Amino acid sequence: MITPTVVLSEAEVAQRVEALAQRIAPHVDDSTTAICLLTGGIWFCADLMRALSRAGRRLRFDALWLASYGDGQESAGRCEVRAALQRPINGGRALLIDDVCDTGLSLAESVRLVGEAGAGQILTAVFARKPWPQPRALEPDFVAWEAPARFLVGYGMDSAGGLRGLPHVATLD
């Protein structure tokens, strides 16, 4: 088994989340719905919502479960919706939260779905944005960390379902 190499420590992850919450806070209010993109976004979403609460913002919560990777290390090029939103948005503001943006496909599909669900404004936040050699399907509005072009694990990012729960970000290559 390959030993993960830490590229962003647990303390650095926490600092980046806090800084991002401060950047996002002026753009959201308590009627904004935070929408976690499952499964990878859970860790970042929970930390970001707590940081936004410390910044005086108490967002509503919902989740959207999309899958585009399966157990592979490359996107399948399409998204499968495994679970839709649970609550109506009714013209309100939505903040989509995901762990990583590489192709932007999952983010673009979630923006489409949330728009169809009635959001009046949609903002996007990701923990990590990887460099991508061609135009992305969508660029996120808020990014906590510009990641290297490597296969990442930890803090929600996985290798065939494993290593998501690491409190830091690591590489396997």
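Of the numbered conditions (1) buried (at least 18 other Cβ atoms within 10 Å of the Cβ); (2) over 30 Å from Asn90 (Cα atoms); (3) of a type in the set (A, V, I, L, M), Ala125 satisfies every one except a single condition; which is it? That leaves (2) as the condition not met. Close contacts from segment 103-118, counting a first residue that is touching a residue at least 60 places away in the same chain (Cβ under 8 Å) and a second that is of a type in the set (Gly, Ala, Ser) and in a loop (DSSP other than H, G, I, E, B), with Cβ to Cβ under 6 Å and a gap of 6+ residues or different chains, come to Ser106/Ser68.
For residues in segment 2-35 being assigned to a strand (DSSP E or B) and within 22 Å of Glu146 (Cβ to Cβ), which is nearest to the chain's Cα centre (by Cα)? Per the stated criteria, the residue is Leu8. Among the residues of segment 84-106, the ones that are outside any loop (DSSP other than H, G, I, E, B) and closer than 22 Å to Ser159 by Cβ come to 7 in all.
Restricting Leu105, Leu113 to those that are at pLDDT below 95, closer than 18 Å to Phe61 by Cα and surrounded by 15 or more Cβ atoms within 10 Å (Cβ to Cβ) reduces the list to Leu113. Restricting Ala14, Ala83, Ala51 to residues that are small (Gly, Ala, Ser), in contact with a Leu (Cβ under 8 Å, 6 or more places away or on another chain) and modelled with pLDDT of 95 or more narrows the list to Ala51.
Conditions (1) more than 22 Å from Ala160 (Cα to Cα); (2) modelled with pLDDT under 95; (3) surrounded by 13 or more Cβ atoms within 10 Å (Cβ to Cβ), marked per residue:
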{"position": "Leu59", "(1), (2), (3)": "yes, no, yes"}
{"position": "Gly70", "(1), (2), (3)": "no, yes, no"}
{"position": "Pro133", "(1), (2), (3)": "yes, yes, no"}
{"position": "Glu146", "(1), (2), (3)": "yes, no, no"}
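Applying the selection to segment 16-46, what residues are within 13 Å of Asp98 (Cβ to Cβ), β-branched (Val, Ile, Thr) and surrounded by fewer than 24 Cβ atoms within 10 Å (Cβ to Cβ)? Residues satisfying the conditions are Thr39, Ile42.
Pairing each residue of segment 1-20 that is touching a residue at least 24 places away in the same chain (Cβ under 8 Å) and within 24 Å of Phe142 (Cβ to Cβ) with any residue that is part of a helix (DSSP H, G or I) and charged (D, E, K, R), provided the two are 6+ apart or on different chains, yields C-beta distances under 7 Å for Val17/Asp47. Quick check on segment 146-157. Is at least one of its residues of a type outside the set (Gly, Ala, Ser) and touching a helix residue (DSSP H, G or I) at 6+ places or on another chain (Cβ under 8 Å)? Within segment 146-157, one or more residues are of a type outside the set (Gly, Ala, Ser) and touching a helix residue (DSSP H, G or I) at 6+ places or on another chain (Cβ under 8 Å). The residue that is farthest from the chain's Cα centre (by Cα), among those in segment 134-173 that are among the small types (Gly, Ala, Ser), farther than 17 Å from Thr39 by Cβ and in a strand (DSSP E or B), is Ala170.
The values are calculated or read from the model by the stated rules, or taken from the named source; none is laboratory data. Owing to the predicted nature of the structure, the values given are computational and were not obtained by experimental measurement. Positions of Cβ are generated from backbone atoms using ideal geometry, with glycine treated the same way; all protein chains shown enter the neighbour counts.
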